[in-house]
Amino acid sequence: MKKLKRSERLVDMTQYLLSEPHRLIPLTTFAERYGAAKSSISEDLAIIKDVFESEGLGELQTLAGAAGGVRYTPKLRKDHALRFAEELCQQLQQSDRILPGGYLYMSDLLGQPSLMNEAGKIIATAFSDRDIDVVMTVETKGIPLAYATAAQLNLPVVLVRRDHQVTEGSAVSINYVSGSHKSIHTMSLSRRALKERSKVLIVDDFMKAGGTIQGMVDLLGEFNAEVAGVGVLVESGSVETDERLLEDYISLAMLSDVDAKTKRITVKPGNYFAD
């Protein structure tokens, strides 16, 4: 790489760190990349660290020693996250989102990369101190949020299928109960998709009683895998406590009520902001 001015080097180094979250990068990587002394690189990193922390973009941790380096951990401050959640609630409260049967249309929001990236950053922040190997979701609506979260954690995504595909090879399938009518569904996961004893972060777009997510939890048991956490974009607040199948999870928004007659939707920030 050609010799860069310090200002140019700072921009390129920042972009490099943002693209490699949670990865320990040796200082020699930057020294060789820019043809600069490690002392100069350390000074640059100190500047970037101050900006990241003052602007609430995350933490930059420097580890000393031969095996040391620098690691960027994306973290969004609670006040920034709350502003996002409030804006999300406003969009969810639009009356034309009500569908027949009292369902809520969310597909347009799930298809917005900028919105999903921000939601993924919040969920990744919530679980940044956990030991996680993969991010899991069930097809199909949870996929954008799962990939956005995984990008912030620099982890792979595992997709649970509603129907087994021949291209997935041998798979483990289970039945689970979901929906207000307690209907029975099937989900499956390829044996090659997940290593045994993996630590898994489950992500989904919507949760009512938690039947689908509990199905994923049960499926993970077949792989001797561990649930490292559960994050959902929107949860239903109309579910009685004794009906909820999950207790340990975070949500970014809570849907309290959908009144089809008055076209009124009530949404508030989720339990992640309860503290």
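The values are calculated or read from the model by the stated rules, or taken from the named source; none is laboratory data. As the structure is a prediction and not an experimental result, all values here were calculated from the model. Using ideal geometry, Cβ is built from the backbone for each residue, glycine included, and neighbour counts are taken over all protein chains shown. Remember, those area values only see protein heavy atoms, side chains included, never the ligands or the DNA or RNA. Shrake-Rupley method; radii C 1.70, N 1.55, O 1.52, S 1.80 Å.
Annotations for the structure displayed:
- Paramagnetic label reach from Leu24 (point 7 Å along Cα→Cβ; backbone nitrogen cut-off under 11 Å): within the range 31-74, residues 63-71.
- Along the range 88-93 the Karplus relation, 6.51 cos²θ - 1.76 cosθ + 1.60 evaluated at θ = phi - 60°, assigns HN-Hα couplings of 4, 4, 4, 5, 5, 8 Hz to successive residues, with x for each Gly and Pro.
- Heavy-atom accessible surface of the chain: percent carbon and sulfur, 1.4 Å: 48 percent
- Members of Lys141/Lys263; Lys121/Lys199; Lys49/Lys199; Lys38/Lys78; Lys78/Lys261 lying beyond 26 Å, as alpha-carbon distances in this model show: Lys49/Lys199; Lys38/Lys78; Lys78/Lys261
- In a reduced charge model with +1 at each Lys and Arg Cβ and -1 at each Asp and Glu Cβ, the range 1-93 shows a dipole moment near 360 debye about its Cα centre.
- Counted over the chain, the DSSP beta bridges are approximately 55% antiparallel.
- Where labels lie 7 Å past Cα in the beta-carbon direction, separation of Ser39 and Arg162 in nm: 6.3 nm
- Near the amide H of Met254, within less than 5 Å, lie the amide hydrogens of Glu235, Lys268, Gly270, all on another chain or at least 5 residues away, with H placed in the peptide plane.
- Qualifying aspartates and glutamates (Cα of each under 12 Å from Cα of Lys268; at least 8 residues distant if same chain): Glu86, Glu87, Glu235, Asp257
- Residue by residue, the range 76-83 carries 3J(HN,Hα) couplings of 9, 4, 4, 5, 5, 5, 5, 4 Hz when phi is fed to the Karplus relation 6.51 cos²θ - 1.76 cosθ + 1.60 (θ = phi - 60°); x denotes Gly or Pro.
- Euclidean distance of C-alpha centroids, the range 50-104 and the range 106-140, integer Å: 10 Å
- Computed over the range 59-132, Kirkwood Rh from alpha-carbon pairs, angstrom: 15.0 Å
- Here the spin labels are modelled as points 7 Å beyond Cα on the Cα-Cβ line, and at Ser7 and Arg197 they lie 5.3 nm apart.
- Rg and Dmax of the chain, based on Cα coordinates, read 21.2, 68 Å.
- In sequence order, calculated HN-Hα J values of the range 232-237 (Karplus, 6.51, -1.76, 1.60; Hz; x Gly/Pro): 10, 6, 10, 10, 8, x
- Anisotropy class assigned to the range 1-142 is prolate, per the alpha carbon gyration tensor with a/c at or over the 1.5 cut-off and a/b larger than b/c.
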